[in-house]
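Student: First the structure, which I've put down as structure tokens, then a few questions once you've had a look.
Just so it is clear, none of the values below were taken in a lab; they were calculated from the coordinates. What you see is a predicted model, and the numbers here were worked out from it, not measured in a lab. Here the Cβ positions follow ideal geometry from the backbone for every residue, glycine too, while neighbour counts run over all protein chains shown.
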Amino acid sequence: MCRQFAYLGPAASLHDLVYAAPFGLERQSYAPRRQQHGLLNADGFGFGWYVDGQAEPVRYRRAVPLWGEENVRGLARVTRSRAILGAVRSATPGHPVQEGAAAPFTAGRWLFSHNGAIPGWPDSAAALAADLPFAALARQQTLTDSTLIWALLLERLEAGEDAGKAVAAVTRRVHEATGARTNLLLLDGEQIVATTAGDTLCHRQGGVPTPDGDVAPAVIVASEPFDDAEGWMDVPDNSLLVATAENLTLESL
């Protein structure tokens, strides 16, 4: 139902990732090439990025189509970061189209996005909501399938659970309870954690030239490739991906 990406590496321009890439996130908002559910992503967008020296990310999101939001183009041209998460939204029928429903969701050092849907919402999610204290749900600005999943994950993260284990456990729990599609994407500024459960995901690793002439490692994890260059690798369904700029691992859920 959505398209999303996360980047780690030397400081990169938000404009290059979203607008300049031939099939970057803006193009994916109105003409996705691999989207299996829905035709376009016009129900909101958001970006989160990390500023050197600050643990908590900056976030910008709106409840309008990315292609029609001129203000963010100027912001993207002057925004550079070593860690970025972006998403465009196709709202699940019955869910509100408002800013609080647009990823990324954030708490502390975390940025989170969800590509998928819980079928039969909201009745099918009653058992999942029962796993949480009321305060965990009340913290969410808008209650949707994505924010419910985020609340479940945040409970584990704030309890100190390893991020990879937490994301895998929540993906399994939600799928077992509802049969949902749950491609999850989590970023803390140093590590990307993602799952595939019912939709596409790919990654590309490589070296990126730096201003001083060196080559630094980088990784992009995305719902679909930004271009047709070599190096993009598909992630098998029902997988857990954990990546830093230098290393990437895959394992079965």
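Student: Whole-Å semi-axes of the stretch 131-253's equivalent ellipsoid, largest first, each the root of 5 times a Cα gyration tensor eigenvalue? Provide the component values of the computation, followed by the final result.
Tutor: On the way: eigenvalues 173, 57, 31 Å².
Gyration-tensor ellipsoid for the stretch 131-253: 29, 17, 13 Å.
Student: Convert each backbone phi in the stretch 4-10 into a coupling constant with the Karplus relation 6.51 cos²θ - 1.76 cosθ + 1.60 (shift: θ = phi - 60°), then list the ³J(HN,Hα) values in order as whole Hz, x for Gly and Pro.
Tutor: 8, 8, 9, 10, 9, x, x
Student: Return the tail of the calculated pair distribution for the stretch 1-119, meaning the percent of Cα-Cα pairs more than 26 Å apart. Write down the numbers at each step before the final one.
Tutor: Values: 995 of 7021 pairs.
Taking all Cα-Cα pairs of the stretch 1-119, the fraction more than 26 Å apart is 14 percent.
Student: Show the residues, 5+ positions off or on another chain, whose built amide H is closer than 5 Å to the amide H of G44.
Tutor: Residues meeting the amide H criterion: V64, L66, R89.
Student: Taking θ = phi - 60°, what integer Hz values does the Karplus form 6.51 cos²θ - 1.76 cosθ + 1.60 yield along the stretch 74-85, in sequence order, with x for Gly and Pro?
Tutor: x, 4, 5, 5, 9, 9, 10, 7, 7, 8, 9, 10
Student: Same structure again: Using only Cα positions of the stretch 181-253, each an equal point scatterer, no hydration layer, compute I(q)/I(0) via Debye at q = 0.15, 0.17, 0.18, 0.22 Å⁻¹ and quote the log10 values to two decimals.
Tutor: -0.50, -0.63, -0.70, -0.98
Student: Computed on alpha carbon atoms, what radius of gyration and Dmax characterise the stretch 2-252, expressed in Å?
Tutor: In Å, with Rg to one decimal and Dmax whole: 16.8, 56.
Student: Now for a different question. Which of L186, L25, L137 moves most in a GNM of the chain, Cα contacts under 10 Å?
Tutor: Residue with maximal mean-square fluctuation among L186, L25, L137: L137.
Student: Within 14 Å, Cβ to Cβ, of N41, how many net charges do the neighbouring residues add up to if Lys/Arg are +1 and Asp/Glu are -1? Working shown, then result.
Tutor: On the way: positive: R3, R27, R33, R34, R61, R62, R89; negative: E26, D43, E69, D199, E224.
Its environment carries a net charge of +2.
Student: Oh, and also: Provide the packing ranking of 125-133, 215-223, 149-157, i.e. peptides ordered by the mean count of other C-beta atoms within 10 Å per residue, highest first.
Tutor: On the way: 125-133: 13.8, 215-223: 20.3, 149-157: 22.1.
For the peptides 125-133, 215-223, 149-157, the packing ranking is 149-157, 215-223, 125-133.
Student: So what is the 222 nm mean residue ellipticity for the chain from helices alone, if each DSSP H run of at least 4 adds -39500 (n - 2.57) and you divide by all residues, rounding to the nearest 500 deg cm²/dmol? Could you put the intermediate results ahead of the total?
Tutor: On the way: 6 runs with 54 residues, N = 253.
Per the formula, -6000 deg cm²/dmol.
Student: Give a residue-ordered list of calculated ³J(HN,Hα) values for the stretch 163-172 (Karplus: 6.51 cos²θ - 1.76 cosθ + 1.60, θ = phi - 60°; whole Hz; x for Gly, Pro).
Tutor: Per-residue couplings from phi come out as 4, x, 5, 5, 5, 5, 5, 5, 4, 5 Hz.
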